[in-house]
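Notes to accompany the following structure.
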Amino acid sequence: MNDAIDPGLTEPPREDEYALDRGIVTQVLQAVDDGDHARLVQLFEPLHPADIADLLEQVDSTQRRELVLLSGGLIDGEVLSEINEDIREDVIDVLPHEQLTEAVRELESDDVVDILEDMDEPQQEAVLEALDSIDRIAVEQALSYPEFSAGRLMQREVVTAPEHWHVGDAIDHLRGKDGLPDQFYHIILVNPRHQPVAYVTLGRLMSSPRTASLKNIAEDSFRTFDVLEDEGDVAYAFNQYHLISAPVVDEDERLVGVITIDDAMAVLDEEHEEDVFRLAGVGDESLSNSAVEIVRRRMPWLAVNLATAIMASIVIALFEDVLASAVALAVLMPIVASMGGNAGTQSMTVAVRALATRDLTGSNAWRVVRRESVAGFLSGCVFAVVMGLVGLIWFNSPAIGGVIAAAMVVNLLVAGVSGVLVPLGLEKAGIDPALASGTFVTTVTDIVGFFAFLGLATLVLL
C-alpha cells in the first residue's frame, strides 16, 4: 500500500482484490470533481490497466472526458489497448496529441494496429509520424492487410534463430539481444530464406543441454498461417490445436510476424459475443451507446419481426369462423405458438453454436436433424398429454383437448427440425446464421403452430 495515501480517506483496494467496486469509482469521481490530480494518481497506482479501462467504461461521457483531462499520463498504451472500441474513440479524441503518441509508442505492433484501426486518417497519420521509422513501417504494412486477417492480428516483434543453431547459441543470443518482446513463448527456427521451419518453447530451451540441437527439441505442434487468412480461422486453429503462438508467413512462405494466444482468444471472445448479440437481433452494442444509436441498430430486426408477426396474424385470420365459434381456441392458441417458439430457439441455439465451433458440418447435418426431430416429437408427445388433459378439464371438451394435443406434437416436431435446418440453410446461402435464424425459426413455429391448431380445430369442431 502506498504510504502517501491520506489515512483519513478510504484506502483503495489491494491488487489482490476486485478493484472496481462502488467505493473506488466514487473516490475517482470525487477526485475528478475536486480537480485533485495527486489523489487520482494514488487511486490509479494499484489498478491494473484493464481495471482502469473498466472504470472509464463505467462512467458517463462527461465524467470520462474530465477524468481523461485530469489524468495526465495515467492513460497509457496498455489502458488504451484494454478499452472497448466505442469508448476508446472518445478517449482518443480527448487525449492530448503528445500523450497519445507516447502511449502508442509503448505498445507492440499488433496493439498499435488495433488502436489505429479506430482512428480517422488525420489521427492515424499524426500517431504514425510519432513512431520510430522501423515501427512505422511495420504498422503501415499491417494496416495494408485486409481487416480481420492474420496480417492485422499478428505482431511483428518475433524472436528467431537459424535452424542449425544449438541451445547454447540461442541462449547467448537472447542474453545479448536488446529489444526483445515483453512476452514471447517460442523461438522460431528459420532457414536461410527466412522461412519458419519449427519452433522451440522457452521451457524446452532452458531445460536442455547447451549442446543440444534446436531442431531436436522443436515442438510437434508447429504450424504456420498465411498473412491473408481470416482471423476467425486462426482463432479456431489456436483453440482446436492448443497453440500458444504461431508464425505468420507471406506468399513466399517467409516469416512476417507471429500471432499469440491472447490475441487469438480475444478474437474468439469477440465472435462469441457477436453471436449472442446477433441471436437477439441487437447487433454490436455496448452500454456506452446512446439511445439513438441503440434504436438505429435494433430497428431493422424489429421491423422484420413485425413483418413476420403480420404473416402469423394472416394465418389466424384464415380461421375467423372457428375462432368465433369456440372461444377456448383463442385462450389456448398462444400456448402452442409459445411452446414451439421456445423449442425452436433451444434447437437453433445449439445448431448456431455448433456451426460457429465447426462441430456441425455437412457430414453430420442429417444425423443432427434426425436427433432433433426425435427429440421434438418426444417432447411434443409429453406435452400433448399434459395439454390434452388441460383442455379436457378446463373446457370439459375432449375434442379441444385432442386438437391442442395433436397441434403440440406437430409444432414441437417442426420446431426441432427448423431449429437445425434454418441455420444450415442460411449458412449455405452466405448469411450469418446467428443474425437471422431467430426470426425465421420463430416465424416457422408460429405459422405452423397456428395453422396446425386452428386447421385441426376446423376439421374437428365445425
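Below is a table of values for the structure above.
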item: E57 among the charged types (D, E, K, R) and within 27 Å of E157 (Cα to Cα); result: no
item: Selection count, region 85-125, where residues are surrounded by 16 or more Cβ atoms within 10 Å (Cβ to Cβ) and not in a helix (DSSP H, G or I); result: 4
item: Flag if G430 is under 30 Å from D233 (Cβ atoms), among the small types (G, A, S), crowded, with 22+ Cβ neighbours inside 10 Å and within 22 Å of the chain's Cα centre (by Cα); result: no
item: All strands (runs of 3 or more DSSP E) inside region 134-203 with 3 or more residues being touching a residue at least 40 places away in the same chain (Cβ under 8 Å); result: 186-190, 196-201
item: Residue match in region 328-335 (condition: within 38 Å of the chain's Cα centre (by Cα) and at pLDDT 90 or above); result: yes
item: Test: A246 is in contact (Cβ under 8 Å) with a residue 12 or more places away in the chain, outside any loop (DSSP other than H, G, I, E, B), over 20 Å from S149 (Cα atoms) and not assigned by TED's automatic domain parsing to the domain that holds Q141; result: no
item: Count of residues meeting criterion [in contact with a strand residue (DSSP E or B) (Cβ under 6 Å, 6 or more places away or on another chain) and of a type in the set (G, A, S)] in region 205-248; result: 4
item: Test: S149 is hydroxyl-bearing (S, T, Y), in contact with a helix residue (DSSP H, G or I) (Cβ under 8 Å, 6 or more places away or on another chain) and at pLDDT 85 or above; result: yes
item: Tally, over region 172-196, of residues that are among the β-branched types (V, I, T) and touching a helix residue (DSSP H, G or I) at 6+ places or on another chain (Cβ under 8 Å); result: 1
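The values are calculated or read from the model by the stated rules, or taken from the named source; none is laboratory data. Predicted model only: the values in this text are computed from it and were never measured. Neighbour counts run over all protein chains shown; Cβ positions are idealised from the backbone, glycine included.
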